1. Which whole-number percentage describes the relative contact order of the stretch 50-119, with Cα contacts under 8 Å and a sequence gap of 6 or more?
2. Going by average Cβ neighbours within 10 Å, how do the peptides 154-162, 85-93 rank, with the highest at the top?
3. Taking 7 Å along the Cα-to-C-beta vector as the label spot, tell me the residue 70-residue 143 distance in nanometres, rounded to one decimal.
4. Give a residue-ordered list of calculated ³J(HN,Hα) values for the stretch 104-114 (Karplus: 6.51 cos²θ - 1.76 cosθ + 1.60, θ = phi - 60°; whole Hz; x for Gly, Pro).
5. Give, as ranges by residue number, the residues of the stretch 131-151 whose backbone N falls under 13 Å from the point 7 Å along Cα→Cβ of residue 80.
Amino acid sequence: MKWVKVLMVVVAVIGVVVPLAQASSIIISLPPTITPIGGGVFTWTYTASMADARLLPGDFLVVYDFAQFVGFPALPPLPLGWAAGVQLVGPIPGQTTPVDNAGILNLVFTYGGIPLATAPPPPGGSLFLGVFSANSMGNIRITGEYAAQDANWVDLSLQANLGYTSVPAIPLPAAGWAGLSLLGVLGLRRRSR
């Protein structure tokens, strides 16, 4: 009984990430790599894998609120069977509630290849899905969210997950920077009196 209390404390400290991580299978690594490609454009590259699941046509991975999107790079190419697109809202896998700003594009990677599966659970295995990239005018990281949908290994029912990753920040207009500088100067001036 004591181990149950210890487990409850550990779960309380770690937070809701634990249940979501256990229910999920597709995950993306943290942090993505950011590579300058010229002209103020940067390629953001995410690495994805899945565990104890099946990947079926129509399953997807979404990176929400990818600011300053300017296209998908030719290199690295998408993994075999995947298609890339963008949309302002969603998709939102069942039983998840991501934060999704309707004014910022979401990256949507949809699987259309042959069914794939990891080793059967338990203990199961992990399957590297590949790298997924997009170009942005931004290279400053902020915390964003991603979500995915795939199939349960045993009964093929849909399962979803929600996690955190880095996304490009929305640029602060020059006037905003000037205003912040002015506040700093006023704050220093006030302190010196």
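1. After rounding, I find 54 percent.
2. The packing order, highest mean first, is 154-162, 85-93.
3. Calculated label separation equals 2.9 nm.
4. 10, 5, 9, 7, 10, 10, 10, 8, x, x, 6
5. Zone members listed by number: none at all.
Only the coordinates and a few stated rules stand behind these numbers; no lab work does. Since the structure is predicted, the reported quantities are computational estimates derived from the model, not experimental observations. No Cβ is skipped: glycine too gets one built from the backbone with ideal geometry, and neighbour counts run over all protein chains shown.
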